[in-house]
Amino acid sequence: MSTDDLYQEVILDHYRAPRNFGALPSATAHAEGHNPLCGDRVTVYVQVEGDQVRAIRFEGSGCAISTASASVMTDALSGRSRAEVQALFAAFHALVRGEPQPAGAPPLGKLAVFSGVSDYPTRVKCAVLVWHTLQAALAGDQQAVTTE
Amino acid sequence: MNKGAGVRPGAHGSPAPFDVEAVRRDFPVLHQQVHGHPLVYLDNAATTQKPRQVLEAIDQYYRTTNSNIHRGVHHLSQKATDAYEGARGRIAKFLGITSSAEAIFVRGATEGINLVASSYGRHHVGPGDEVIISAMEHHSNIVPWQMLCSERKASLRVVPMSDEGEADLDAYEELLSARTKIVAFSHVSNALGTINDVKRIVGAAHDHGIPVLLDGAQAAPHLPLDLEALGCDFYVISGHKLYGPTGIGLLYGREELLEAMPPYQGGGDMIKSVTFDVTTYNDLPHKFEAGTPDIAGVIGLGAAVDYLQGIGMEAIGAHEAKLLSYGTRALQQEPRVRLIGTAPNKAGVLSFLVEGVHPHDIGTILDRQGIAIRAGHHCAQPVMDRLGIPATARASLALYNTTAELDALLQGIRKVKEVFGT
Ligand SMILES: Cc1ncc(COP(=O)(O)O)c(C=O)c1O
């Protein structure tokens with residue numbers, strides 16, 4: 001069995017050159033996430049206006065899966081409404097856990113490159129850490145998120 | 001004693017030369033495929049595999065002898081007690097302990113350290129006092145002392161280490177003072193493999209009349225031990241890292257100290273008599289073994305030390321030293337691979353980084369090639385912080401590993417570099 005299904009070129013590219021990386025001075029909220037098992041740390045900054053995520057950035061250090069997940073996520077969510085963010089999170093969660101897509105799920109677009117994660121149960125946490133951290137930021141919850 | 005434990009008896013009863021293929025036949029779990037590749041098990045610092053001699057001893061115990069110990073008048077209870085106490089005697093002897101009174105069974109190194117921190121520590125450490133540990137401890141030799149210090153308003157002093165992973169023993173000797181009430185040091189570091197100069201550590205503390213606990217969880221599997229000659233006051237091991245079952249370990253303590261210590265837990269077996277007014281505690285070592293112990297675990301650990309003695313710890317150490325230097329050279333010569341922990345005196349551990357690749361990704365890619373290593377902070381977060389890295393990949397060795405397996409590791413690392421294009 002090969003690891004190419006997990007480490008797809010898109011993922012490696014986002015790992016080496018993460019998009020939307022760095023602090024967001026105009027952020028209206030941020031939250032920190034931590035995976036104590038592997039030492040991954042991520043901070044997500046969001047600028048929310050009304051119902052819309054106007055801008056989203058992240059910083060931190062982690063493995064290829066968690067870094068690429070953060071990078072692709074921030075690309076995918078900029079300009080989305082809160083409801084769209086929730087629907088995409090549910091769809092992404094199902095994808096990486098190898099579960100069927102929820103009814104009426106939105107198209108995953110580039111997020112679909114993480115489908116290989118479902119074959120690596122020990123790596124699901126890496127892929128979803130940044131999403132949970134985003135949830136905390138959107139909830140205005142400043143407490144650190146951990147995967148444990 | 002086990003016969004045929006990985007060795008054929010040599011002439012005149014002298015041990016036959018170490019034969020790793022014969023050893024491997026004793027370990028059923030090694031003979032399997034993982035993700036379509038032969039298993040290469042290099043996560044021995046986390047836990048070792050068990051030889052059939054251990055599995056059979058446990059199975060036999062439950063099939064033929066199972067009974068509670070120290071209390072029955074019947075045949076099986078006596079047999080179980082004999083097996084349990086017999087194993088204690090053999091394990092003690094293996095570690096260089098003459099008196100079984102000084103060999104206390106616990107769940108593992110963690111419980112042994114907690115026992116000492118709680119029972120000895122709380123009675124000897126007070127406000128303003130100090131406990132000394134080192135920068136390379138496993139969390140289990142940090143947190144119990146932190147808890148003690150915070151409860152007793154004492155402070156924890158930490159012996160620094162170099163970038164290579166060597167403890168600064170000059171700084172250690174400077175730290176020792178009248179305020180120091182106990183020193184707790186790892187014999188061998190689990191994250192880096194450093195063998196500490198425990199003779200010097202114990203000697204310097206004793207010059208000040210300070211007792212020393214050594215965490216031998218990673219030493220016992222690799223080094224011949226003679227605890228009485230070493231002269232430490234407490235020593236802990238975990239059976240599951242010594243080819244025995246999980247859930248059993250041993251605390252060695254000097255009798256004089258153990259006698260003066262209050263029990264750790266109360267219950268059955270640790271008492272001589274109980275009335276509602278007064279309880280008389282049992283003799284050592286039973287005073288520290290409240291409740292029904294892990295009888296099968298002790299018997300399994302007894303079989304493990306018999307097995308190791310059949311091969312000889314010197315022979316095992318020599319084999320592992322050869323593997324370690326082979327692996328060290330291979331990793332040091334490999335471009336974009338950095339060995340973490342390069343102290344001159346090491347046992348069993350190859351911690352490393354691959355440039356531009358997180359250890360977690362290294363672990364996943366190796367796993368798909370059937371190679372089991374550990375990625376992470378190895379329960380030694382302060383070591384990672386000290387070295388300024390989030391984690392390492394760690395290959396750790398056992399007596400059944402081969403140079404061919406280290407070649408497989410190297411091939412696996414090359415695959416990692418290929419996937420990441422580094
Ligand atoms: C150096 C060291 N000390 C203590 C421990 C704790 O051992 P256990 O979890 O078996 O109690 C370990 C286990 O990883 C270790 O490597």
| message | Which of the helices (runs of 4 or more DSSP H) found entirely inside segment B:28-118 contain at least 1 residues meeting this: away from the ligand (no atom under 16 Å from the Cβ) and in contact (Cβ under 8 Å) with a residue 60 or more places away in the chain? | response | B:52-60, B:75-95
| query | Residues of segment A:107-126 being within 12 Å of another protein chain (Cβ to nearest Cβ) and part of a loop (DSSP other than H, G, I, E, B), which ones? | reply | A:Tyr120
| request: Inspect segment B:249-258 for any residue being within 11 Å of the ligand (Cβ to nearest atom), more than 14 Å from every other protein chain (Cβ to nearest Cβ) and among the hydroxyl-bearing types (Ser, Thr, Tyr) and give the result as yes or no. | output: no
| task | Go through segment B:190-205 and count every residue that is part of a helix (DSSP H, G or I) and either more than 16 Å from the ligand (Cβ to nearest atom) or within 14 Å of chain A (Cβ to nearest Cβ) (or both). | result | 6
| note | Among B:Met161, B:Met136, the single one that is touching a Gly at 6+ places or on another chain (Cβ under 8 Å), in the same structural domain as B:Asp197 (by TED's automatic domain parsing) and farther than 12 Å from B:Gly121 by Cα is B:Met136
| more than 13 Å from the ligand (Cβ to nearest atom) and either in contact with a strand residue (DSSP E or B) (Cβ under 8 Å, 6 or more places away or on another chain) or within 14 Å of another protein chain (Cβ to nearest Cβ) (or both), is that true of B:Ala167? | yes
| query | Somewhere in segment B:360-367, is a residue in contact (Cβ under 8 Å) with a residue 12 or more places away in the chain, surrounded by fewer than 23 Cβ atoms within 10 Å (Cβ to Cβ), within 20 Å of B:Leu39 (Cβ to Cβ) and more than 16 Å from the ligand (Cβ to nearest atom)? | reply | yes
| task | For segment A:52-65, indicate whether the set of residues that are in contact with a Pro (Cβ under 9 Å, 6 or more places away or on another chain), surrounded by 15 or more Cβ atoms within 10 Å (Cβ to Cβ) and more than 21 Å from A:Leu37 (Cβ to Cβ) is non-empty. | result | no
| Elements of type strands (runs of 3 or more DSSP E) in segment B:208-276, at least 1 residues being surrounded by fewer than 20 Cβ atoms within 10 Å (Cβ to Cβ) | B:271-274
| message | Quick check on my filter: what residues within segment B:119-138 are within 16 Å of the ligand (Cβ to nearest atom) and either touching a residue at least 60 places away in the same chain (Cβ under 8 Å) or over 28 Å from B:Ala343 (Cα atoms) (or both)? | response | B:Ser134, B:Ala135, B:Met136, B:Glu137, B:His138
| said: Quick check on my filter: what residues within segment A:82-102 are surrounded by fewer than 16 Cβ atoms within 10 Å (Cβ to Cβ) and not aliphatic (A, V, I, L, M)? | reply: A:Arg82, A:Gln86, A:Arg97, A:Gly98, A:Glu99, A:Pro100, A:Gln101, A:Pro102
| task | Return yes or no: is B:Glu405 at pLDDT 95 or above and within 24 Å of the chain's Cα centre (by Cα)? | result | yes
| query | Within the set of pairs 6 or more residues apart or between chains, which connect a residue that is within 22 Å of B:Tyr84 (Cα to Cα) inside segment B:260-278 to a residue that is surrounded by fewer than 11 Cβ atoms within 10 Å (Cβ to Cβ) and among the β-branched types (Val, Ile, Thr) with Cβ atoms less than 8 Å apart? | reply | B:Ile271/B:Thr280; B:Lys272/B:Thr280
| request: Looking only at segment B:164-176, decide whether some residue is closer than 25 Å to B:Ala343 by Cα, assigned by TED's automatic domain parsing to the domain that holds B:Asn114, in contact with an Asp or Glu (Cβ under 7 Å, 6 or more places away or on another chain) and not in a helix (DSSP H, G or I). | output: no
| task | State yes or no: is B:Ile210 within 13 Å of the ligand (Cβ to nearest atom), more than 14 Å from chain A (Cβ to nearest Cβ) and aliphatic (A, V, I, L, M)? | result | no
| note | Taking segment B:180-189 and the residues there that are of a type in the set (Val, Ile, Thr) and more than 14 Å from the chain's Cα centre (by Cα), the one that is farthest from the ligand (Cβ to nearest atom) would be B:Thr180
| task | Tell me which residues, restricted to segment B:214-239, are within 11 Å of the ligand (Cβ to nearest atom) and under 21 Å from B:Glu174 (Cα atoms). | result | B:Leu214
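The values are calculated or read from the model by the stated rules, or taken from the named source; none is laboratory data. Quantities reported herein were computed from a predicted structural model and do not represent experimental measurements. Note that we place each Cβ from the backbone using ideal geometry, even for glycine, and neighbour counts take in every protein chain shown.
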